[in-house]
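What follows is a set of notes on a single structure, which appears directly below.
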Amino acid sequence: MTDQQPDSGPQHSGHPDDAGQKAEPNPAPAEEPAKGRPDAAEAFASNYAARAGVQRSADGQIDVLKTVGGVRGLAESILPGVIFLVVFTIGQELGPALIGALAAAAIFTVLRLVQRGTVTQAFSGLVGVAICAFVANSTGRAEDFYVWGFFTNAAYIVAMLVTIAVKWPALGLIFGLIRNEGTAWRKQPQRLKAYTLATWILTAVLFLRLAVQVPLYLMGDEGLVALGTTRLIMGVPLYALGLWLAWLVSRPAAVEATRAD
């Protein structure tokens with residue numbers, strides 16, 4: 001939609017008239033809005049999608065494995081927890097279990113640095129494991145190794161609910177950029193509804209983690225093995241499943257019709 005040009009008033013020939021008066025200069029044309037410049041919402045959505053790291057495959061579908069970091073990403077998210085649980089279950093000593101988990105995370109960090117990965121990618125996993133180890137070591141309770149995950153899950157749930165409440169569902173920001181919809185989907189009630197449902201699905205995944213794992217945590221030592229096991233199963237694998245389902249339910253109708261043909 002182009003801006004309306006202001007009324008420039010009576011036009012003059014540009015030469016002095018018979019009375020010796022000079023023609024008034026034409027007013028400067030109104031400045032046209034810069035083309036191709038993203039607005040604030042578009043820029044925010046693009047940045048949010050980039051940080052989320054959601055990837056799409058060549059056929060246009062979401063690449064769940066690449067989104068979670070590929071095989072390496074799975075290993076980085078699972079192995080430190082596996083080592084902690086196995087070492088503690090066998091030896092019943094917290095120190096070696098924490099050292100084993102930290103060592104695994106440190107090895108992955110070094111590998112990323114050697115292969116010139118970004119600093120954020122390299123250290124994010126190590127920092128997370130270090131926080132978990134610090135909390136458990138401070139309290140002397142093995143189950144507290146998993147407490148930090150409860151707080152991060154709760155924070156994500158709150159963030160997701162806020163995006164739904166303000167009608168900027170998080171998965172709309174992410175998937176909308178991947179599907180080249182930008183933020184135009186917000187003006188279409190059906191697309192807004194679809195992305196709201198998609199965000200609810202991922203929120204339900206996060207809530208389910210807490211609903212299952214917090215009671216196991218409260219059982220203390222008796223629930224440790226079950227807590228560690230469910231943490232592994234309900235971590236990246238469940239997140240990937242939720243993301244895939246969210247992608248499916250939020251597909252544009254045109255895409256579904258094309259597949260049906």
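Which members of region 135-167 meet the condition of being open to solvent by less than 40 Å² (accessible area, probe 1.4 Å), of a type in the set (Gly, Ala, Ser) and within 11 Å of residue 94 (Cα to Cα)?
136, 142
Checking the structure you have, find out if any residue of region 227-249 is among the charged types (D, E, K, R), crowded, with 16+ Cβ neighbours inside 10 Å and closer than 21 Å to residue 66 by Cβ.
No: region 227-249 contains no residue that is among the charged types (D, E, K, R), crowded, with 16+ Cβ neighbours inside 10 Å and closer than 21 Å to residue 66 by Cβ.
Tally up the residues in region 173-222 that are buried (at least 19 other Cβ atoms within 10 Å of the Cβ), over 22 Å from the mean Cα position of the chain (by Cα) and not hydroxyl-bearing (Ser, Thr, Tyr), please.
Adding up the residues that qualify gives 2.
The values are calculated or read from the model by the stated rules, or taken from the named source; none is laboratory data. Being a predicted model, the structure only gives us computed values, none of them experimental. Here Cβ is always computed from backbone atoms with ideal geometry, including for glycine, and neighbour counts include all displayed protein chains. Quick note on the areas: whole protein, heavy atoms, side chains included, nothing else; ligands and nucleic acids left out. Shrake-Rupley method; radii C 1.70, N 1.55, O 1.52, S 1.80 Å.
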